[in-house]
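*Asks:* Let me give you the structure first, and then I'll get to my questions.
The values are calculated or read from the model by the stated rules, or taken from the named source; none is laboratory data. These figures come from a predicted structure and were not determined experimentally. As a convention, Cβ positions derive from the backbone with ideal geometry for all residues, glycine included, and neighbour counts pool all protein chains shown.
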Amino acid sequence: MQEVLDLVYGYVRGIWRRRWVIAIVAWLVCLVGWVVVLQMPDQYRSSARVHVDTQSMLRPLLRGLAADTNIGGEVAFITRTLLSRANLEKVARMTDLDLQAKTPEELDSLLNSLRGRISFSGERDGKVYNIGFSDQDPELARRVVQAVLTLFVESSLGSTRKDTDSAQRFLDEQIAEYEARLIESENRLKEFKQQNVGLMSRSGGDYYAQMQRVMSQLKEAEFQLREAAERRDELMEQLQDAEDDLEDGLLFSPGGSGVSTPMDGRIQNLEAQLDGLLLKYTDKHPDVVSLRQQLKVLKAERDQQMVTAVENDTGIATNPVIQQLKISLGEAEALVSSSKVRVSEYKQRIEYLDKMVDTIPEVEAALKNLNRDYGIIKSSYEQLLSRRESARMAQQADETGDGVKFSVIEPPRVPREPTGPNRQLYMVMTLGGGLGAGIVLAFLLSQLRSTFDDRGSLRNATGFPVLGTLSMEWTPTQRLRMRVETIVFTASILLLLVAYGGVSLFEAQGVALMAKLS
């Protein structure tokens with residue numbers, strides 16, 4: 001530690017021996033620096049604050065109906081590209097600064113200067129943006145800020161509308177193309193159906209489903225034919241028995257045996273129902289009493305019909321039972337005939353389908369391909385129509401101006417007071433730089449012509465032992481001269497500080513020092 005202190009002490013003594021270098025360099029640097037600082041032109045800064053509101057009442061109302069545009073993302077993109085070369089050229093033209101550039105090199109220099117002096121930043125919430133510009137001309141500073149503000153608003157509004165117009169033009173072109181394709185597909189489908197109208201199934205389904213359906217219908221028709229034939233045969237037997245009973249005089253005997261009348265069937269049904277009710281209820285149950293009353297009435301009507309038939313005519317031609325059986329027999333024969341026709345028709349269909357086993361599937365496959373192509377084109381066409389309507393609605397919503405709102409919080413104005421340069425700071429830096437440069441130069445000179453201030457430094461430098469030292473004995477004249485030099489050096493440094501204070505005071509009061517000196 002002592003060695004470090006000795007080394008520092010040696011450096012300080014070397015610098016002190018060349019203290020006049022410090023004073024001279026400090027004065028020269030400060031005088032030149034202060035003159036330069038005082039000659040720096042005033043800078044006027046104009047600024048503006050704008051609030052961007054991307055929240056709209058129309059957006060939640062049109063969600064799902066109109067195309068949703070990302071207004072916030074577009075505004076963020078505009079803020080990142082606002083100071084591009086193209087935009088800076090627009091600012092230069094709007095403020096007539098481009099008239100100052102005669103060559104492309106001068107234009108590049110002008111644009112670079114604008115990019116460096118224009119400040120554009122957003123606050124923490126991302127909705128308030130600050131625009132600033134500094135220049136020697138306060139009116140020019142205001143015009144540049146106003147141009148940047150106008151460009152920012154127009155770019156944010158125009159980008160969305162431009163994208164919407166481009167999207168609508170693209171959709172219109174696609175809709176026209178798909179409409180032509182849809183008409184062509186419809187014509188192909190129509191011509192194919194006209195050429196193969198007899199080979200296509202009217203009820204839907206493919207060939208094998210149609211074959212299976214016809215075979216199922218044939219089986220059902222054959223079953224109905226057998227039922228109708230059996231019913232016809234049974235009716236023929238009943239008719240023959242009725243005629244025989246009529247000839248024997250047994251058919252219309254009240255209470256006798258023989259062929260039953262049509263009224264007997266209803267009586268039998270009611271008796272069966274009565275038997276079922278008696279299994280669950282007593283004789284006094286209302287339903288049981290009602291059925292017995294109905295049976296009594298029906299039996300009385302049957303006996304009356306039989307007595308009337310016997311009194312009037314007992315012939316076969318006028319007998320109601322015979323007539324009813326003949327009517328039923330005619331209906332059964334008609335049903336048998338129609339069932340035979342149906343069975344024959346189904347057999348012919350099956351034979352036709354067997355012959356067209358190779359042709360019909362090919363036609364069905366071709367029809368499916370045509371329908372598939374037509375369905376895809378139609379679906380795409382309808383989607384394009386829906387999206388065009390959404391884009392059109394979104395464009396109309398943007399044209400209302402409700403999509404994004406700009407509110408200028410602080411408009412740009414012509415500054416009255418200069419905002420720069422900070423001459424006080426520059427003068428302090430000049431003072432510190434002058435003193436620092438003098439100290440550094442004195443230190444370098446002391447290192448170029450170094451001396452030994454104690455025995456330790458001499459011993460370390462030469463490597464020889466130092467046997468003793470002799471102290472310097474100053475004369476009174478020499479001591480007086482050293483005191484005077486110290487006072488003069490201190491006075492020069494203090495005078496330099498006083499000069500700094502005076503210059504700072506004049507600058508703070510707005511006094512043009514250089515004009516006074518001139």
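*Asks:* Need pairs with beta-carbon distance below 8 Å; first residue closer than 23 Å to residue 28 by Cβ and within segment 500-514, second at pLDDT 60 or above and exposed (fewer than 12 other Cβ atoms within 10 Å of the Cβ); sequence gap 6+ or separate chains.
*Replies:* Filtered contacts from segment 500-514: 514/39.
*Asks:* Kindly indicate whether residue 457 is assigned to a helix (DSSP H, G or I), under 30 Å from residue 30 (Cβ atoms) and either at pLDDT below 85 or not assigned by TED's automatic domain parsing to the domain that holds residue 500 (or both). Break it down stepwise before answering.
*Replies:* On the way: assigned to a helix (DSSP H, G or I): yes; under 30 Å from residue 30 (Cβ atoms): no; either at pLDDT below 85 or not assigned by TED's automatic domain parsing to the domain that holds residue 500 (or both): yes.
Judged against the criteria, residue 457 is not a match.
*Asks:* Right, another one. Might you let me know whether segment 125-133 holds any residue that is crowded, with 20+ Cβ neighbours inside 10 Å and more than 19 Å from residue 420 (Cα to Cα)?
*Replies:* Yes, segment 125-133 contains at least one residue that is crowded, with 20+ Cβ neighbours inside 10 Å and more than 19 Å from residue 420 (Cα to Cα).
*Asks:* So, one more: Is segment 193-200 home to any residue that is modelled with pLDDT of 70 or more, surrounded by 12 or more Cβ atoms within 10 Å (Cβ to Cβ) and in a helix (DSSP H, G or I)? Before you say what the answer is, go through the steps one by one.
*Replies:* Pass one, segment 193-200, residues modelled with pLDDT of 70 or more: 193-194.
Checking which are surrounded by 12 or more Cβ atoms within 10 Å (Cβ to Cβ) leaves us with 193.
Still in the running and in a helix (DSSP H, G or I): 193.
Yes, the conditions are met somewhere in segment 193-200.
*Asks:* Report yes if residue 57 is at pLDDT below 85 and either farther than 30 Å from residue 426 by Cα or out of contact with any Cys (no Cβ under 6 Å at 6 or more places or on another chain) (or both), otherwise no.
*Replies:* So residue 57 fits the description; yes.
*Asks:* Could I ask something else about it? Does segment 20-35 hold any residues that are surrounded by fewer than 18 Cβ atoms within 10 Å (Cβ to Cβ), in contact (Cβ under 8 Å) with a residue 12 or more places away in the chain and under 30 Å from residue 448 (Cβ atoms), and which are they? Break it down stepwise before answering.
*Replies:* First, pick out the residues of segment 20-35 that are surrounded by fewer than 18 Cβ atoms within 10 Å (Cβ to Cβ): 20, 24, 27-28, 31-33, 35.
Now narrow it down to the ones that are in contact (Cβ under 8 Å) with a residue 12 or more places away in the chain: 20, 24, 27-28, 33, 35.
If the condition is that a residue be surrounded by fewer than 18 Cβ atoms within 10 Å (Cβ to Cβ), in contact (Cβ under 8 Å) with a residue 12 or more places away in the chain and under 30 Å from residue 448 (Cβ atoms), then 20, 24, 27, 28, 33 are the ones that fit.
*Asks:* Let me ask something else about it. For segment 460-493, name all the residues that are surrounded by 12 or more Cβ atoms within 10 Å (Cβ to Cβ) and not in a helix (DSSP H, G or I).
*Replies:* 466
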